[in-house]
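The values are calculated or read from the model by the stated rules, or taken from the named source; none is laboratory data. Everything quoted here is computed from the prediction, not taken from an experiment. Using ideal geometry, Cβ is built from the backbone for each residue, glycine included, and neighbour counts are taken over all protein chains shown. When the accessible area is computed, the model is the full protein with side chains, heavy atoms only, and any ligands, DNA or RNA have been set aside. Shrake-Rupley method; radii C 1.70, N 1.55, O 1.52, S 1.80 Å.
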Amino acid sequence: MGATATGKTELAVEIAKRFPVEIISVDSALIYRGMNIGTAKPGTDILALAPHHLIDIIDPAEHYSAWNFVEDSNRLIEEITSRGKIPLLVGGSMMYYHALENGLNKLPVADARLRASLSRQAGEIGWPAMHEKLTAIDPLSASRIKPGDSQRIQRALEVFEASGQPLSSLQQLKSTASKHLALKIILHAKDRAALHARIEQRFLAMIEQGFIDEVSSLKLRSDLNLSLPSMRCVGYRQVWQFLEGNLSRDEMIYKAIVATRQLAKRQMTWLRRQPQDFAFDCLAYRNDAIFESINKAFSDR
RNA sequence: GGAGGGGUUCCCGAGUGGCCAAAGGGGGCAGACUGUAAAUCUGCUGGCUCAGCCUUCGGUGGUUCGAAUCCACCCCCCUCCA
């Protein structure tokens with residue numbers, strides 16, 4: 001686990017050279033086919049080094065979810081284990097890890113039509129008013145969700161309309177957490193300024209590598225638009241706006257870098273809640289130290 | 001050389017005598033996070049021995065009980081005329 005640009009892929013490669021692993025990507029952006037440069041997707045040469053899963057599994061027009069991830073990764077973990085290999089989960093989508101580890105309640109699936117109608121209503125009366133509606137049907141959820149949090153208000157209302165039950169009561173049911181033991185290796189960015197520099201450098205390199213062309217060809221497709229989760233990924237969204245003429249090139253670059261920094265910050269917030277026994281500074285760790293930790297953890301167990 | 005506009009807290013940008021440590025936005029920092037999560041949202045953001053005090057609105061001086069706001073001079077930037 002690690003924030004964006006902390007070098008997870010590089011470390012995963014080193015681990016894959018030393019241990020009999022298969023990699024499961026824990027990344028809500030690497031799932032999309034055709035989104036390579038902007039997601040910093042490992043190249044085919046690197047992917048060939050070890051079996052890997054959950055990369056390039058859906059089209060950018062399609063939707064994926066934390067629930068899908070939990071199902072997919074649980075299945076893969078079983079399969080890989082039965083092959084006598086070790087599943088190595090690598091990625092920065094912290095909510096996916098969280099969902100896998102702690103489980104999710106059985107809730108109604110996302111419903112595009114319901115969401116569209118809720119968005120339409122919100123457009124007329126505003127999200128704070130939608131929040132009041134939520135207070136009427138599910139006061140507990142409403143008290144947890146802020147009046148400006150459009151996405152969660154929408155989800156809570158969607159769950160109620162789809163199931164006839166308030167989200168909060170469905171969430172009280174016992175959820176199924178993963179029973180697998182995991183050794184969590186965390187890459188920390190102790191030097192924030194250095195991480196920021198790395199993020200900037202990496203984005204500029206993406207531009208060099210043809211990121212704009214990548215987005216440009218996605219934009220040519222009539223079935224993709226800015227409201228899709230895929231096109232809301234960091235970088236893609238800003239380049240898309242640049243191609244629309246809503247941002248200058250410099251603004252686009254600046255905003256994309258800022259968005260990446262902010263993403264990293266949110267990832268670090270999740271990471272701080274994790275046990276820190278196997279945390280390493282992403283700029284100053286030794287592979288030996290990590291291998292040692294892994295060996296020790298396995299022999300202990 | 002002449003005419004005009006402007007220099008505000010990290011950045012942009014309001015503010016034209018007290019209610020101003022100074023609107024708003026950006027950035028930054030911290031946090032939340034149950035089927036969109038690279039998403040969505042919340043809080044804080046000059047300093048301190050913190051119900052008060054100190055430093056800040058280009059610089060220096062002045063007017064005033066009181067100035068980011070008025071006056072004088074100086075420095076710098078932009079536009080136009082020469």
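Do you know which residues across the stretch A:160-173 are in contact (Cβ under 8 Å) with a residue 40 or more places away in the chain and open to solvent by less than 70 Å² (accessible area, probe 1.4 Å)?
Within the stretch A:160-173, A:Ala162, A:Ser163, A:Leu167, A:Leu170 qualify.
Failed condition for A:Ile24, given (1) assigned to a loop (DSSP other than H, G, I, E, B); (2) on the phi < 0 side of the Ramachandran plot, with all others met?
Tallying (1) assigned to a loop (DSSP other than H, G, I, E, B); (2) on the phi < 0 side of the Ramachandran plot, A:Ile24 fails exactly one: (1).
What are the pairs with Cβ atoms under 7 angstrom where one residue, in the stretch A:90-110, is modelled with pLDDT of 95 or more and within 7 Å of RNA strand B (Cβ to nearest atom) and the other, located anywhere, is outside any helix (DSSP H, G or I) and of a type in the set (D, E, K, R)? Sequence gap at least six, or different chains.
Qualifying pairs under 7 Å: A:Gly92/A:Asp27; A:Ser93/A:Asp27.
Quick check on A:Glu14: is it farther than 30 Å from A:Leu204 by Cβ, of a type in the set (Asp, Glu), open to solvent by 30 Å² or more (accessible area, probe 1.4 Å) and part of a helix (DSSP H, G or I)?
Taking the combined requirement at face value, the residue does not satisfy it.
Determine whether the stretch A:238-246 contains at least one residue that is assigned to a loop (DSSP other than H, G, I, E, B), closer than 30 Å to A:Arg115 by Cα and more than 21 Å from the chain's Cα centre (by Cα).
The first filter runs over the stretch A:238-246 and keeps only residues assigned to a loop (DSSP other than H, G, I, E, B), leaving A:245-246.
Still in the list and also closer than 30 Å to A:Arg115 by Cα: A:245-246.
Imposing the further condition that a residue be more than 21 Å from the chain's Cα centre (by Cα) reduces the set to A:245-246.
Yes, there is a match, as at least one residue in the stretch A:238-246 is assigned to a loop (DSSP other than H, G, I, E, B), closer than 30 Å to A:Arg115 by Cα and more than 21 Å from the chain's Cα centre (by Cα).
Looking at this structure, is A:Ala142 more than 8 Å from RNA strand B (Cβ to nearest atom) and buried (at least 17 other Cβ atoms within 10 Å of the Cβ)?
yes
Which numbered condition trips up A:Ala50, out of (1) modelled with pLDDT of 95 or more; (2) open to solvent by less than 40 Å² (accessible area, probe 1.4 Å)?
Result: A:Ala50 fails condition (1) only.
For the stretch A:215-234, name all the residues that are touching a strand residue (DSSP E or B) at 6+ places or on another chain (Cβ under 9 Å) and more than 16 Å from RNA strand B (Cβ to nearest atom).
None - no residue of the stretch A:215-234 is touching a strand residue (DSSP E or B) at 6+ places or on another chain (Cβ under 9 Å) and more than 16 Å from RNA strand B (Cβ to nearest atom), so the list stays empty.
Looking at A:Thr176, A:Thr269, which one is of a type in the set (Val, Ile, Thr), in a loop (DSSP other than H, G, I, E, B), over 17 Å from A:Thr39 (Cα atoms) and open to solvent by 50 Å² or more (accessible area, probe 1.4 Å)?
Only one candidate passes the filter, namely A:Thr176.
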